[in-house]
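I have placed the structure first, in the form of structure tokens, so that the comments after it can refer back to it.
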Amino acid sequence: MMAAATAKILLIMKQPGNIRVMQQVLSGLGYPGQGIPNVTELQTALAKAPHPRLGIVDITDFGSNNRQIHAIYTCLQEHSIPFIVLSAPQVFNLGNRSLTYGATNILQKPIAKSALLQLIHGLAA
Amino acid sequence: MERLSTGVEGLDEILNGGLIPQRSYLIRGGPGRGKTTLGLHFLTAINEGESALFIGFQEPEAQLHSNAAALGIDVSAITFLSLAPDAQFFTEQQSYDVFAAADVEQQPLVETIIQAVECHNPTRVFVDSLSQLRFLATDIFQYRKQVLSFLRYLTQQGTTVLFSSESSQELPDDDLQFIADGVINLETDVSGATIRVSKMRGSSFRFGMHHMRVADGGMEVFPRMIPASNRRIEFELQRWGTGIQKIDDILHGGLASTTISLITGPSGMGKSTLASLFAIEAARQGKRSAIFLFEEEMAFFLRRAKELRLPLEEPFTNGEILIEQVEPMRYLADEFTMRVRQQIEEAGVKMVVLDSVTGFEVALGGEAVRERLHAFAKGLSRLGVTVLLINEIEAMTGEFRISEKNISYLSDNVIFLRYMEIDGMLKKAIGVLKKRLSGFDNRLHTFEVGPGGFKIGQPIHGLHGVLGGAPVPQDES
């Protein structure tokens with residue numbers, strides 16, 4: 001329980017508003033969330049200890065830049081970090097493809113808070 | 001039943017004294033209609049020992065303060081809880097789409113409101129507007145439930161709640177109208193801004209639209225005059241004469257008090273002069289009258305009276321005859337009737353001259369003159385006031401009509417003035433068509449307007465078709 005409470009969750013997304021509300025929701029459960037806007041910062045975060053327990057990737061923020069999205073997935077996989085992908089309805093097909101890159105789940109925005117928290121509990125515990 | 005003032009005198013009158021405490025009331029209206037202003041009036045009307053809370057979803061507190069100051073409303077006694085987003089929400093890109101707004105905002109919002117209510121223990125709350133909660137509800141059922149629960153929470157704390165809504169075709173607020181104990185609508189029509197109460201649980205109220213204005217000092221409401229159901233009975237009906245023996249003889253002593261009289265005829269015949277004679281004679285008997293001039297400039301009116309050697313100046317100067325120039329474009333019709341009523345109640349006016357019906361019609365801005373004049377004249381009459389309506393007819397001669405506005409039914413007495421052409425000369429005739437409470441001389445008389453007012457000639461004999469304006473000798477007809 002204590003380990004779960006201190007486990008960092010990487011919020012790989014660009015929209016400051018999304019990072020803020022995600023952090024608010026996660027902090028309510030005792031999970032600190034760190035906003036990561038690009039691959040470089042992701043690499044820096046992964047290089048530091050302790051290792052994050054989970055990543056949440058909002059692929060909508062990266063537009064149609066498949067290369068960047070692919071780099072994020074690769075990075076997370078290399079460090080064995082489980083990750084959930086969030087996708088807007090209009091790019092849901094792109095999100096579906098993320099399952100083949102190791103995403104544990106894909107959720108369509110707006111997501112139900114309770115569903116996300118349940119998922120996080122299962123993955124981060 | 002105990003009543004709470006809305007802070008707007010005219011609205012309290014429409015609500016038969018004000019709002020019933022510990023209930024919730026909806027203020028509806030489009031943008032700029034005065035919903036927030038009314039809410040501020042309500043909160044500033046707190047009595048000693050009361051406290052007021054403004055819960056706002058739209059404007060920041062500073063803006064509310066400056067808007068209130070611009071209207072001259074002192075909001076220093078109000079606690080503001082502004083839930084409006086600040087500028088940083090935009091500049092720091094704080095909008096989000098990962099969660100539905102309901103998932104993120106609802107809980108902290110409810111907590112903030114509860115905290116404010118518990119901290120200030122308000123007796124009056126204004127929520128501006130409750131429509132915002134609609135966007136935080138997952139569905140309409142949840143929204144209704146949430147609003148009901150919210151209002152119940154506040155009223156159970158002993159609070160009286162006013163809340164506004166912004167209804168549109170896309171987002172109607174019918175549900176809020178069902179939920180609220182009372183509904184106040186702020187609207188506009190061709191004649192100007194209006195206020196209308198459409199619901200008030202547990203109390204009667206004055207139906208219909210009433211003119212209102214938001215200006216310096218805030219909101220002013222002018223309750224529409226509705227005639228009382230019963231006339232004030234005067235056991236001894238007095239007569240209002242002109243002081244000119246021949247006219248008073250034609251009227252068998254004069255016009256009965258508390259009646260409505262129509263003085264009708266084409267332009268320039270002397271209708272206003274005749275009405276002045278009644279006012280002057282009333283003043284001579286110590287009764288106060290008021291003349292409302294919609295068309296003629298007061299200076300011209302007084303000057304003409306002077307030229308005709310009518311003793312108008314003295315009673316005007318000492319306040320026995322009140323003369324008011326009314327600019328119909330500036331007045332709202334209900335505002336005017338309220339002004340007249342004030343003069344009756346405060347100055348003890350016993351006779352009112354409306355000069356003229358056409359000017360009053362302009363003040364109505366397109367509303368039906370017949371209904372409004374009915375309410376005005378009957379309302380005054382039932383207050384014990386004698387009413388003289390000056391009515392201009394456009395046709396100089398031709399088919400005889402009492403009025404082109406279908407208002408003759410309203411009058412207890414009708415005095416008509418008529419042009420007639422005899423041997424190439426334009427002459428004037430006066431007659432009485434109707435007099436409800438007594439007989440009258442039914443003969444037509446010629447008359448002239450000159451020094452001293454009206455000079456009544458002999459009854460017209462031997463002519464036929466005088467009312468048509470082109471009489472012929474009787475033996476030729």
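The values are calculated or read from the model by the stated rules, or taken from the named source; none is laboratory data. Computed from a predicted model, the values in this text were never measured in an experiment. All Cβ positions, glycine included, derive from the backbone under ideal geometry; neighbour counts span all protein chains shown. Quick note on the areas: whole protein, heavy atoms, side chains included, nothing else; ligands and nucleic acids left out. Shrake-Rupley method; radii C 1.70, N 1.55, O 1.52, S 1.80 Å.
Just a few scattered comments:
- Residue list for segment B:345-363, restricted to those being without any contact (Cβ under 8 Å) to a residue 60 or more places away in the chain and under 15 Å from the mean Cα position of the chain (by Cα): B:E361
- Out of B:L171, B:L148, sole residue that is at pLDDT below 85 and out of contact with any strand residue (DSSP E or B) (no Cβ under 6 Å at 6 or more places or on another chain): B:L171
- Check on B:S131, crowded, with 16+ Cβ neighbours inside 10 Å and either in contact with a Gly (Cβ under 8 Å, 6 or more places away or on another chain) or at pLDDT 95 or above (or both): no
- One residue stands out among those in segment A:8-18 that are buried (at least 20 other Cβ atoms within 10 Å of the Cβ) and touching an Asp or Glu at 6+ places or on another chain (Cβ under 9 Å): the one that is nearest to the other protein chains (Cβ to nearest Cβ), which is A:N18.
- Some residue of segment B:350-367 being closer than 19 Å to B:S229 by Cα, modelled with pLDDT under 90 and in a helix (DSSP H, G or I): no
- Filtering segment B:1-12 to residues that are within 21 Å of B:G217 (Cα to Cα) and either assigned to a loop (DSSP other than H, G, I, E, B) or in contact with a strand residue (DSSP E or B) (Cβ under 8 Å, 6 or more places away or on another chain) (or both) leaves B:L4, B:S5, B:T6, B:G7, B:V8, B:E9, B:G10, B:L11.
- Residue ranges of helices (runs of 4 or more DSSP H) in segment B:248-330 with at least 1 members closer than 17 Å to B:F454 by Cβ: B:271-284, B:298-307
- Segment A:20-34, subset among the aliphatic types (A, V, I, L, M) and open to solvent by less than 30 Å² (accessible area, probe 1.4 Å), residue farthest from the other protein chains (Cβ to nearest Cβ): A:L26
- Selection count where residues are of a type in the set (S, T, N, Q), open to solvent by less than 50 Å² (accessible area, probe 1.4 Å) and either touching a residue at least 40 places away in the same chain (Cβ under 8 Å) or not in a strand (DSSP E or B) (or both), scope segment B:178-209: 3
- Residue in segment B:292-300 that is within 30 Å of B:G465 (Cα to Cα), in contact with an Asp or Glu (Cβ under 7 Å, 6 or more places away or on another chain) and in the same structural domain as B:P266 (by TED's automatic domain parsing) present: no
- Among the residues of segment B:448-463, those that are in contact with a strand residue (DSSP E or B) (Cβ under 9 Å, 6 or more places away or on another chain), of a type outside the set (K, R) and without any contact (Cβ under 8 Å) to a residue 40 or more places away in the chain comprise B:E448, B:G457, B:Q458, B:P459, B:I460, B:G462.
- Segment A:89-125, residues that are modelled with pLDDT of 80 or more, open to solvent by 80 Å² or more (accessible area, probe 1.4 Å) and of a type in the set (G, A, S): A:S114
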